[in-house]
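Novice: I am attaching a structure below and will ask some questions about it afterwards.
Since every read-out is calculated from the coordinates, none of them should be taken as a lab result. Please read these numbers as outputs of a predicted model, since none were measured by experiment. Reconstructed Cβ throughout: ideal geometry from the backbone, glycine too, with neighbour counts over all protein chains shown.
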Amino acid sequence: MKKIDLENHFYDISSVEALQSRAKGDYPYWDKETNTIHWLEGIAMCQDKFYENLLDFANIRLKIMDELGIEKAVISLAPGIEALPPEESRIACKKANDALYKVMQEFPGRFLGSAILPILDVDAAVEELEHCVKDYGFVMWQTHSNYGAGIDPDQKKFWPVWKKVADLGIFAYLHPTVSHQPKFNEYGYAMAAPGLGFTIDTMGSIVRMILSGIFDEIPDLKVVLGHFGEALPFLMERMENRFSWLPNPKQKNKEQMGAYWGKNIFVTTSGNTSIPAFECTRAAIGIDSIMLGTDYPFEHMEECVGYLETCPMTEEEKEKLYYKNAEKLGLYL
Ligand code: GRE
Ligand code: ZN
């Protein structure tokens, strides 16, 4: 069965160099001696095992895609350069987007482009997004759950970028990044990042977006979350219940939280191989809102598809999850 992967990551060599050229102690920076990215003080991730796969398209990535029937993958740059100081970020993002466009041309029809934007300079971000979509045919904006301590994607200053996403008819992927909460950062990278901090930070950001009223103000805005919605499908009903019980004038959402699934908010399967988690997600938000995301190379494409093949789904449900829902989002195969 054909498939389209919405979460598949790369780094361009220029992105590596951008992080390597930063001073020690500026976060994030790349320590050349140990080949390690440091995200926050005390939070270091060894890139060794990912480095080659992030930069590769032809040797390993495409071969695995072919073996699994993944016809197309949306390629995005996961955390690193979007929230660098604006001047550094503008240059690094432009180089990464240009490099991705080259890859798309080199392998026609296999890779779809996701823009990375210098988000702290909103005007430059809007301009670069417009360029990537109109000139390069990119289909997505990859952004992250925070842009620094206390700088969150729901804040009004970032709305022009979200509005541009909707106006251009593309969608955004709200991808995790390292939480700034010390509570998650004391026990190392796994807890701070993919083990827990990623999910908590991203769930917090999408809930903030809903409460900010952004989906009511920009009704065509479409946001995709990885990891089966970062636990929101499991927790949403309780949240709705408590938000209704204790309303606050700052909550601007006109609908209950559940009303945004399938219209504004969608999820992918990335990084979770639990059958109960799949069943909960499908029961809570419906199969029409779930799409394939492998999170390669941080996770394994083979494991993701192998797991999905064991999930109890009808053929019709599989078709929706593997490609039909993505087609409806505008990713035509
Ligand atoms: C991810 O995309 O899931 C990811 C990163 C960086 C480190 C680990 C990880 O982007 O899982
Ligand atoms: Zn990812």
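Novice: Report whether or not Gly69 is loosely packed, with under 14 Cβ neighbours inside 10 Å and either under 19 Å from the mean Cα position of the chain (by Cα) or under 30 Å from Glu316 (Cα atoms) (or both).
Specialist: Judged against the criteria, Gly69 is a match.
Yes or no, residue by residue, for (1) more than 16 Å from ligand 2 (Cβ to nearest atom); (2) within 14 Å of Asn264 (Cβ to Cβ):
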| site | (1), (2) |
| --- | --- |
| Asn146 | no, no |
| Asp152 | yes, no |
| Lys156 | yes, no |
| Ala172 | no, yes |
| His175 | no, no |
| Gly188 | yes, no |
| Leu196 | no, no |
| Phe215 | yes, yes |
| Val223 | no, yes |
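Novice: Return yes or no: is Ala83 out of contact with any Asp or Glu (no Cβ under 9 Å at 6 or more places or on another chain), buried (at least 17 other Cβ atoms within 10 Å of the Cβ) and either polar (S, T, N, Q) or over 17 Å from Met140 (Cα atoms) (or both)?
Specialist: Yes, satisfied.
Novice: For Leu331, all conditions in the list (1) surrounded by fewer than 20 Cβ atoms within 10 Å (Cβ to Cβ); (2) under 21 Å from Arg110 (Cβ atoms); (3) within 16 Å of ligand 1 (Cβ to nearest atom); (4) not acidic (Asp, Glu) hold save one; what is the number of the exception?
Specialist: Unmet condition: (3).
Novice: Name the strands (runs of 3 or more DSSP E) wholly within region 39-135 that hold at least 1 residues that are within 27 Å of Trp162 (Cα to Cα)?
Specialist: 70-76, 111-115
Novice: Anything in region 1-38 that is surrounded by fewer than 15 Cβ atoms within 10 Å (Cβ to Cβ), in a loop (DSSP other than H, G, I, E, B) and of a type in the set (D, E, K, R)? List them, or say none.
Specialist: Passing the criteria: Lys2, Lys24, Asp26, Lys32, Glu33.
Novice: Suppose we keep only residues that are surrounded by fewer than 22 Cβ atoms within 10 Å (Cβ to Cβ), assigned to a helix (DSSP H, G or I) and of a type in the set (Phe, Trp, Tyr) within region 163-211. Which one would you say is nearest to ligand 1 (Cβ to nearest atom)?
Specialist: The selected residue is Tyr189.
Novice: Then there's this: Do we have Tyr147 as over 24 Å from Pro194 (Cα atoms), touching a residue at least 24 places away in the same chain (Cβ under 8 Å) and surrounded by fewer than 23 Cβ atoms within 10 Å (Cβ to Cβ) here?
Specialist: Values: over 24 Å from Pro194 (Cα atoms): no; touching a residue at least 24 places away in the same chain (Cβ under 8 Å): yes; surrounded by fewer than 23 Cβ atoms within 10 Å (Cβ to Cβ): yes.
Here the answer is no, as Tyr147 does not meet what is asked.
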